[in-house]
Structures are given as C-alpha cells and as structure tokens.
1. Where Rh is the Kirkwood radius over the Cα pairs of the range B:5-262, the temperature 20 °C and the viscosity 1.002 mPa s, what D in µm²/s does Stokes-Einstein return?
2. Quick check on chain B: helices-only [θ] at 222 nm, where DSSP H runs of length 4 and up contribute -39,500 (n - 2.57) each and the sum goes over total residues. Nearest 500, please.
3. Out of A:Val224, A:Val201, A:Val74, any idea which swings most in a Gaussian network model of chain A, alpha carbons joined below 10 Å?
4. From zero up to wherever the largest Cα-Cα distance of chain A sits, split into 10 Å bins and tell me the percent of pairs in each.
5. In whole Hz and in residue order, list the ³J(HN,Hα) couplings for the range B:72-78 that follow from phi through the Karplus curve 6.51 cos²θ - 1.76 cosθ + 1.60, θ = phi - 60°; x for Gly and Pro.
6. Need one number for the range A:221-279: average projected area of the convex hull over its C-alpha atoms, nm².
7. So for the protein assembly as shown, if I pair up every lysine 8 or more residues apart or on another chain, how many of those pairs have alpha-carbons under 23 Å apart?
8. Test of the criteria: in the range A:82-137, which GluC sites (Glu not before Pro) are in a DSSP loop and have at most 15 other Cβ atoms within 10 angstrom of their Cβ?
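No lab work stands behind these numbers, since they all come straight from the coordinates. Because the structure is a prediction, the values reported are computed rather than measured. Every residue, glycine as well, gets a Cβ built from its backbone with ideal geometry; the counts of neighbours run over all protein chains shown.
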Amino acid sequence: MAVVEARGLTKLYGRQVGALDLEFAVEQGEVFGYLGPNGAGKTTTIRLMLDLIRPSSGRVELFGRDTRRDSVEVRRRVGYLPGDVRLYERLTGRQLVRYFASLRTLHDLREAEALAKRFELDLDVPIRTLSRGNRQKVGLVQAFMHRPELLVLDEPTSGLDPLMQQEFYDLLRETTADGRTVFLSSHVLPEVQRVADRVGVIREGRLELIETVDVLRARAPTRVEASFVGVPPKGAFDGLAGVREIERHGHVVLFALEGPADPLVKALARYEVIGLDSHEADLEDVFLAFYREGASRAA
Amino acid sequence: MLRSVFTKTLYDVRRSFAWWAAGFVGYVALIVGVWPSVRDNPALIRLHETYPEELKAFISFGGEFDFGTATGYLGAELFSLMVPLLLIVAAVGAGARALAGEDERGTLDLLLANPLSRNRLTLQALAALLAEVAGLAVVLYLALLAGSAAAGMDVSAGNLAAAIGSALLLALAFGGIAFALGAATGHRAIAIGVATAGAVAAYLVNGLAPLVDVIGSVRWLSPWYHYVAGDPLREGLSAGHALVLVAIAVVAAAAAVVAFERRDIGVSS
C-alpha cells in the first residue's frame, strides 16, 4: 500500500490553478523528491496532504486514509515542516517543542533533545532572537521528534548552512533506513538528485513527470568537452549520430552525447586533440532538455 | 502551562491581562474615590438634575437618574458606558486575536499539523476567550466590592455582581462575533472592525431609542438594550435579557466552529 496516494487531486483558487489533476503514489521507505520552480504548486500539494486546505476535486490519501475524514489520525503519523516556518516568537524552542509534544501526547522528549543537539540548536533562547537557519532547525526538530512514519518537508534545507545540510541528509538516510517515508519538496535540483529515490516534477500546477533518479540520469546526455590545438571548422561535427554541439569557447568545444561514443571519437580523431573530458549529466541537464522539449512542444 | 491550546492562550495573554486588570482597578479606585465629594456637594447633584431628560436617559443606567445615590452614581459613571465598553474592547480584541491572529502570523500551519481537530482548537480558543474576559469581570467585581465598602457606598453586592455579569454577557456577545468573523475570514482587521462597528451601532440604537420612535421600535435588536433593560444594578439579573445575550454568544461560537472547520487555512492574506 502506498504511503501517499493522490487521485485527481485538484486545487483551484478562483480561476487560478494551484494543482491540477495530480496523480502520484509514494511508497514506503522512499524519499520522494517533489521538484518545481517557485509557485509551481509544491506547497499547495503539501498543504492539501496536511488537510490545511481542501481539494476542489479529487483526493489524497495518507496510509490509505482520507486526509479530510481521518485528518487527526493521519496527522498523528506525520511530521511536517512548512516551507515558510512561522513559530511562536515569544516562546523558547523548548517551550514550543513541549507544547507540540503535549498536543501529540508525546511524553518522551529525548528524541527532540537529541535532534537539537545534533543540529547545534539552543532550545533555551526565545525564538524571536533566532536566525533564519535556527528557526528552520526548530521546525525540523518538531517535525522529526515523534519519529513519524511519514515526513512531509517543504524546502527543508532553506536557510541551513552546508554543514547542517549534510547533517540533514544523514538524518534522511537514517529515516528511510528505518522504513519510514519522506516526501520532500525542493526547487534545488542537486539536492533532489542527492537525496531522492524518485522525482516528481510539477510545473504550473501540473505534474509533468515522475521517474526514478537513476532512470532520469540514464536518459540524460553525457557532456563531453574537447580542447583542440587548432579550431575545427564550424559544422565539422554536424550530422553525427547522437552528438550535439552545445557551445564553443575558443579552442574548446562542448558536446552532448547520447548513445555510443564511437561516432564522436572517430570525428574528433580527425583533429589534433589536447584534452578530453567527459562527465555524467546531472539532473539539471535532464530538466533543461525536458523543459526545452516542453517549450518546443507548446510552441 | 503549555499543555493545550487553552492554557497556551492564557499563557500568551498573561501580561496584557495584568495590564487590563490594573487599569480596571485604577479606574474603579478613581470613580469610587471621588464619590464622597460628589455625595457631599448638593450643587453638583442639582446641576446634574438640570440636564435635559434625553441626556439623562443616555447617561443613566436603568431606572431613575439619581446621581445623589451610590447606585445611581455608579450606574452613571461606570455601568452606563465605561464598564461594558472596556469589557467589549477586551473581548473583541481577544476574539479577533484567537484564530485570525494565528492565521495571520502563519502559525496555524504548524499548530494544525498536530493531531488536533479544528473543532477542538476552536472550542479551546473559545474557552480561553471566555476565561480571559470572565477573569477581567471578576477582577472588576472584587475591586468594586472593596472600593464601595471603603467609600461607604450603599450598594448591594449581589446587584453589583448582576450588573457586571450583564456587562460580561454583553462583552461576550460582541467578543463571540469578533471570534466568529476571525475564524471565518482569517483577518483580524475584519473581525475587530465589524464587531466594533456593530457594538457602536447597537449602543446608539439603544441610546437613541427613547428619542426617536423609529429606532425605538427596533430597540430590542440591540444587545445594549438587553444589557441594561432589566436594571441589574437595582433589580438583579433578568433571566430573559441575560438569555438573549447568551444566545448571541452561543450562536456566534457555533458559527465559528462551523466556518473554521470548512475553510482553507492561511490563504486569506
């Protein structure tokens, strides 16, 4: 059974589309990366999952239960970090954690203490004096402290310094190693590429693509950078199977390569090559390609 | 202290409550302290008696306008306007602050991620509103009891309680309306603005009723009328009028529960 399942999930704000006919399922133990530019509908989807807003049509189930009808039961099993974390300014971190723990009838605060220590967060100062990064940490502590089966995290690393981001990635790994599930939104590709098993891409409220990170990467072109002694004439590499010349900087030419390398290698051999560098594409290339495709399709 | 929404809300208002309470005590001390010199100054009392009847009707609190008795004096100086007004201001502020305030500050998102039903949240916030305003009424009552005794005023403790109780119900009616508007819209300004405008309009309807026939025929619509009509400072609390005020508060509370359960959180701004 899927931990999260959306069926025809739609949220309209007047004539504006928040989310349109979303269909996806998140399986137990995976990190599902929910990717899209700002304003694409990531937060709308997440707030629908938490029953903070109600769908215009369709539904979303968590643990096989309707988020609206079984709202309280569902929220008992979820940890949530909002994209824009707003906390009680006049409380200390510890007071906030205690308050939420009481609402959850959670008596054991050792996990919360351990998380705070791990993220080097001082729970005893008023929240109004905390920096943005430290507020984010308070948000993370309250999301993880009851060891929920599902974590719904909206842009979780925003405001965290690189060291703390690393700590957060480790925490994610431990969470999924326990068989728990993570739904994580981000507009940062490398982050999703790094932590997610599968990726859903949302744009203008529509889910454009759901795929595993491995498949996406396999589908992506390799980047090959060749530097020459002279400069090969323009058009020298046109018409090669699976090869596309991307750009030139003086003696350096950058190619995108899909499929076997042979045609490109043969073509390069006709010129004097002094350097050759290739690297695996990251998701950025995939999405650039993907969006180009989308744009040309729309045109 | 931070065990539930109810206790958390009271914890949040502890300072403002203390200031309100201090203000009430100070105001009562001032009014009561002036009483001996008013009582012993026949010229001042006669001056008041020369006021036009219309004005007297406006500034008296039920019954006859008798500035020379302790009851009449307290009615005119405290209960005709200031006590209910201050309680209404406190209640409307607290009612608007409750759900709409949290929604505007964006903290509802995190709060409602906890396993807490919206109905339960609304009811606990309502209970806190009730506790806060009732607490102020109790402070006011104790201050008046002590003050009137110290100044040798001949007023009944039971009737003082009835008058303050009536003012409390009036305040809860408007506080409930503000709470419901805040719960439904998520906007504190709407809650405060509409509830305050309603309170002022209701005050004018009740005050002008004896002077303008058309208004007189709709006087029963004004909660202020039900606050004063039973003459609680002399006659004790009238069950019928009190029930009207209770009914307004209860209907507002029920509307708040229903509206808040249905709406989207955090999209009103």
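1. Calculated translational D: 112 µm²/s.
2. That calculation yields -23500 deg cm²/dmol at 222 nm.
3. Result for chain A, Cα springs under 10 Å: A:Val224 fluctuates most.
4. Values per bin, smallest distances first: 6, 24, 27, 20, 13, 8, 3, 0.
5. 3J(HN,Hα) across the range B:72-78, in whole Hz: x, 4, 5, x, 6, 7, 10.
6. Directional mean of the projected Cα hull area for the range A:221-279 stands at 3.5 nm².
7. Lysine pairs, 8 or more places apart or on different chains, close enough: 5.
8. For GluC sites (Glu not before Pro) across the range A:82-137 that sit outside H, G, I, E and B with at most 15 neighbouring Cβ atoms in 10 Å, the list reads A:Glu89, A:Glu120.
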